[in-house]
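Chemist: One structure follows; several queries about it will come next.
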Amino acid sequence: MRKLTFILLCVFAFGCSRPVETNQSLRLVSLNIPETAAAGGEMAFEFHISGGGMPVLLLRNALGQTVIDGKRDAEEVIFRLPSSFKEKSGPCHWSLIYGDSTLASGVVHITPSEIEPRVETYLGPGNIMAGRTDHTILVAVPSDVYGNPLPDGTSLTLRKQVAGVLESEGLNTNSLFAWKRVYSEERATRGFLSVIAEGSHSKELTFDIHPAAPVDFEISYSRNHSYADGNQVITFSTSVLKDPYNNTVSDGTLVSFLITNSGGKILRAQGTTIHGIATARMLHPDRADQWIVRALVEGIATSPEIQVEFLPVMRSFSVKWNASTSHLDVGPVESFLKQFQPDGLRVILKVTDEQNIPVAELSGELSVGYARFDLGQLGLPSGKYGASVEIGGITKEIPFELKNEELE
Amino acid sequence: MKNWNKNIYRVLLLFSFIGINAAILFGIGAVWVYMNSGADKASILHLSGETEDNYLPDIEWMDLENPGRPMEPQTLQEIEKDYLRSWYVRAIAFDSNDPYGLEDYYTDSLRQKLATLLELNKANGTRVRLSTISHRPTLEFYSLDGKMVVFTDEDVAWYSEVWQGEKRVQSAALTSSFRVMMLLEDGFWRVRHFEEVFNKREQVILGNDQIHFKVNEVKGLNYYPAKTPWNTFGDDFDGEVIREDFRKIKSMGLNTIRIFVPYEEFGGPRVEEERLQRLERLMDHAEGVQLKVLVTLFDFYGNYDLLDWTRTHRHAETLVKALRDHPALLGWDIKNEPDLDFDDRGKEEVLAWLREMIRQIKKYDPDHPITIGWSSLAAASNLVEEVDYISCHFYGDPDNFVPSYKALLEKIGNKEVVISEFGFSSYSGFWNFFTGSEESQAANYQIMVTALKGQELPFLSWTLYDFNEIPKSVVGRYPWRKAPQRFYGIIDSKGREKTAYGVMVQSIQK
């Protein structure tokens, strides 16, 4: 029991004692460290030291720092670099540290590996305009198998195929990367690029050359007849819109048609191009009119003006006053073939009293050539009135007398 | 008697009943409050809060000319923000050996490399702490589609500490250049390539030989207004009071005051304009009576953490740039008594922070002398090389002053010394067994000023006024600490000059 206590006490005492002061007489005798090395290779730092103790090696590269332990064999200490350091190109700073003192320090320049180079490429913008001014930029970053960028001056080969023409040229890297402006051709087409470093492969890079802005164009119209019946539709269409290099503009280019009528009012219709042609439709006016039409791709291209004439559909129509029922009957209204004017044409009736002061305004539509207004419903006092009926720009006036018995 | 007992029982019963009920009600109340506190309704919306950047190294773009595409100011701001954050998340990752957050600022391939390194460090028990101090990037290339940028960050000044377990293997102030390629991916500028550009440029350490002011002329005191001690620049700031005080100080024959700029109160990294204006007004008043002002920065600051450095640098930058041309400025005292933080924060951490802060301030103001107000003569042997003159405090027995000073002189070579605080309390009361008195204060002053004169030492005494209130952040909340602290003035709280006042004035004017 006593022995056990003694042993326990001893263990306790040792446990409590301060660690033995390390031998401060550690001295660096010589070292064997390469000045440069290729990334990925086995890398070992050898130091010859005298005295006891074990120094540590502090490593620092662009990405970070670490402390590694070495293996001591008699007076030789060897540190093997972990992959994070031996595979990263660039300066690798090291310090051999023992206790609080730095025994030695230096830099190893690690060069990128030469096996399996690869090229990272960035091409943008991917869509450019035809003509020889717009361009896209190709950036190529060649790196080694560990992702280290290859040194400045690495030569790359750029291959380009645009519009059936194959070209090839050399590029040199500078500060991590090589870059090249790739200009567009006059033809709207797709371009293909590839960049390779010696011994590498490339992915396919493409960019689209789109037609440039359209130049001025022509417009035309088509319609079923030239009468202003307010019923048929006139269709305007452009010629094929082309850019200066004779490429048909991209589908969906917006074209606005501006129509100025003889009253100076502007009507507007829009259409988008398909295969270069934009069309827009407009209802015929309901009275004789003359339109001046112009189309434009806003801010970019325009067409010359064209004139469109609309003929009147009727010369005259009759209006009858039916005093017994207080109805005003309009019609028959006949059109250019003596047929009834199509349904839906607007009829406007204005009623004035004896002093020619307007008292009522009604509107109706033609139905099978006729329109009828019930003036008894207006609740006007009895007396003499004038009615003026307007259809398609033609006006008829008749006087009538209202005898409103119910009111008296 | 029996009746008495009964009554006592009744009272006890009644009170215990009330007590238990009160306790239950309090408990329910606490639960109720707990249940009703916490997330407020706005949190449903997941609004992103105002995030304040904690990493604020000095950054300035040198050249934006590049063959690719003109750099837009907004994009530049975004690149700068994400680049600095990439450093910040990396610093945090290496500190904790946890790759959290790296994916937002590094592309996949680089992130994997960093993760491998972090795993290695985790396995080895290595921890790396780092902070960059200044960046001077030059734009090399900005791609036409605005999605890639390459720049060289020349001469990045940074600081790093490598720890293995609890042992610091190395701490180093470094200057390195890096070439960086960043890609715009889903709204983040991420670092794709990060390469060190090797340059053997030696670090330029600023010389200390540009001091104009003769520090040995300093005669003055530490100044706080009587009504607002330790809160000179708060809302009770009164320019008139300060002007009157300064006239009084001048009339005593003094030429310098030492003031304190509290770090947090001034807004930390984003210095509050209003406080700065008050500080400038104080300096103007000092200039009005030809007093010099020794500005003590970072009062009540106590973090020193490497990741907090850049914040303190921005604080110093704003203040130094604002005051460096002020004619009343005597110089900079980096921090009051930083040696008192050695135990809590680690001596090396505090010294490293101070060293870098000296460099920072020298960068913005190479002309004014810089010092550190050590709490004792013994502590003043730290950073002797870095400071322009030595500043230390003495609160001991005045008879011991000369021997302590002689001991210091042996360690500091021929640097000049300013005793930037000394003083004696006239407190007489319970906590010192009524041993103090105005007479004993005056007697101590007498010994001290004679000693200072004998050694031809410049000095700043503590302090002008007695104070009614001492904030607990100054000496803690114990009354035996607070009470004496109130009576260090040479003018009492009623405005009467104490005996020590006469001693002081006589000594100066002699």
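Chemist: Can you list the residues of the range A:132-165 with backbone N under 18 Å from a point 7 Å past the Cα of A:Asn174, pointing along Cα to Cβ?
Modeler: Those under the cut-off are A:137-142, A:150-158.
Chemist: With equal scatterers on the alpha carbons only and no solvent term, can you work out the Debye log10 of I(q)/I(0) for the protein assembly as shown at 0.05, 0.09 1/Å?
Modeler: -0.60, -1.08
Chemist: Same structure again: Please report the net charge: other residues with Cβ closer than 13 Å to the Cβ of B:Lys250, K and R +1, D and E -1.
Modeler: So the surrounding residues net to +2.
Chemist: When only Cα pairs under 8 Å and 6 or more residues apart are kept, what is the percent relative contact order across chain B?
Modeler: 11
Chemist: Something else now. Just counting partner chain Cβ atoms within 10 Å, what average do the residues of peptide B:136-149 show around their Cβ?
Modeler: Neighbouring Cβ atoms belonging to other protein chains average 4 per residue here.
Chemist: Tell me the mean residue ellipticity at 222 nm calculated for chain A from its helices only (DSSP H runs of n ≥ 4, each -39500 (n - 2.57), averaged over every residue, nearest 500).
Modeler: Taken over chain A, the calculation gives -1500 deg cm²/dmol.
Chemist: Under a plain spin-label model, where a point goes 7 Å from the Cα along Cα-to-Cβ, how far apart in nm are B:Lys406 and A:Asp353?
Modeler: Between B:Lys406 and A:Asp353, the simple spin-label model gives 12.8 nm.
Chemist: Another question about this same structure. Once you treat every alpha carbon in the range B:416-492 as an equal point and sum by Debye, what is log10 I(q)/I(0) at q = 0.13, 0.21 Å⁻¹?
Modeler: Those come out to -0.43, -0.96, one per q.
Chemist: Rg over Rh of chain B, using C-alpha atoms and the Kirkwood radius, what does it come to?
Modeler: So for chain B, dividing Rg by the Kirkwood Rh gives 1.08.
Chemist: Sticking with this one: Take the Cα pairs of chain A, get the Kirkwood Rh, then feed it into Stokes-Einstein at 37 °C and 0.692 mPa s and tell me D in µm²/s.
Modeler: 104
Chemist: Let me ask something else about it. Relative contact order for the range B:152-306: what is it in percent, counting Cα pairs under 8 Å that are at least 6 residues apart?
Modeler: The value is 16 percent.
Chemist: Right, something else. Show me the chymotrypsin sites (Phe, Trp or Tyr not before Pro) within the range A:173-241 that DSSP assigns to loop and that have at most 13 other Cβ atoms within 10 Å of their Cβ.
Modeler: Taking the range A:173-241 and a limit of 13 other Cβ atoms within 10 Å, no loop chymotrypsin sites (Phe, Trp or Tyr not before Pro) are found.
Chemist: For chain A, what does the relative contact order come out to in percent, with C-alpha contacts under 8 Å and a separation of six or more?
Modeler: 8
Chemist: In addition: With charges set only on the Cβ (+1 for Lys and Arg, -1 for Asp and Glu), what does the dipole of chain A come to about its Cα centre, in debye to the nearest 20?
Modeler: 1140
Chemist: Another question, if that's okay. Counting other C-beta atoms within 10 Å, and keeping those with at most 13, which DSSP coil GluC sites (Glu not before Pro) do you find in the range A:36-140?
Modeler: Answer by residue number: A:Glu42, A:Glu75.
Chemist: Can you tell me the dipole magnitude for the range B:58-197 around its Cα centre, using point charges on the Cβ only (Lys, Arg +1; Asp, Glu -1), in Debye to the nearest 20?
Modeler: 580
Chemist: Which trypsin sites (Lys or Arg not before Pro) from the range A:225-277 combine a DSSP loop assignment with at most 11 other Cβ atoms within 10 Å?
Modeler: Listed in order of number, the matching sites are A:Lys265.
Chemist: Which distance in Å, rounded to a whole number, links the C-alpha centroids of the range B:275-327 and the range B:346-376?
Modeler: 13
Chemist: Right, another one. Which one, B:Gly68, A:Phe177, B:Thr228, is farthest towards the positive end of the dipole of the protein assembly as shown when Lys and Arg carry +1 and Asp and Glu -1 on their Cβ?
Modeler: Farthest towards the positive pole: B:Thr228.
Chemist: Next question. For peptide A:65-73, what's the mean number of Cβ atoms from other chains within 10 Å of each residue's Cβ?
Modeler: Shielding by partners across A:65-73 averages 5.
Chemist: Round to the nearest 0.05 the FRET efficiency obtained for B:Asp98 and A:Glu185 when R0 = 35 Å and r is the Cβ-Cβ distance.
Modeler: 0.10
Chemist: Can you give the average number of partner chain beta-carbon atoms within 10 Å of each beta-carbon in peptide B:118-129, as a whole number?
Modeler: 4
Chemist: With each label point set 7 Å from Cα along the Cα-Cβ vector, what nm distance links A:Ser222 and B:Glu456?
Modeler: 11.2
Chemist: While we're looking at this one, here's another question. How far apart, in nm, are two points set 7 Å out from the Cα along the Cα-to-Cβ line at A:Asp134 and at A:Arg372?
Modeler: 6.5
Chemist: Just to compare against my own numbers: the Cα pair-distance distribution for the range B:215-509, 5 Å bins, whole % per bin, please.
Modeler: That works out to 1, 5, 12, 17, 19, 18, 15, 9, 4, 1, 0, in percent per bin.
Chemist: Rounded to the nearest 0.05, what FRET efficiency do B:Ala30 and B:Glu217 have when you use their Cβ-Cβ distance and R0 = 41 Å?
Modeler: 0.10
Chemist: Right, next: Using R₀ = 51 Å, calculate the FRET efficiency as 1/(1 + (r/R₀)^6) where r is the Cβ-Cβ separation of B:Asn414 and A:Glu42; round to 0.05.
Modeler: It comes to 0.40.
Chemist: Next question. Using the Kirkwood formula on the Cα atoms of the range A:118-210, what hydrodynamic radius do you get, in angstrom to one decimal?
Modeler: 13.4 Å is the Kirkwood radius here.
Chemist: So how do B:221-234, B:11-24 stack up, highest first, on mean other-Cβ count within 10 Å?
Modeler: Final packing ranking: B:221-234, B:11-24.
FYI, it's all coordinate maths here, none of it is from the lab. None of these values were measured; they are calculated from a predicted model. Here Cβ is always computed from backbone atoms with ideal geometry, including for glycine, and neighbour counts include all displayed protein chains.
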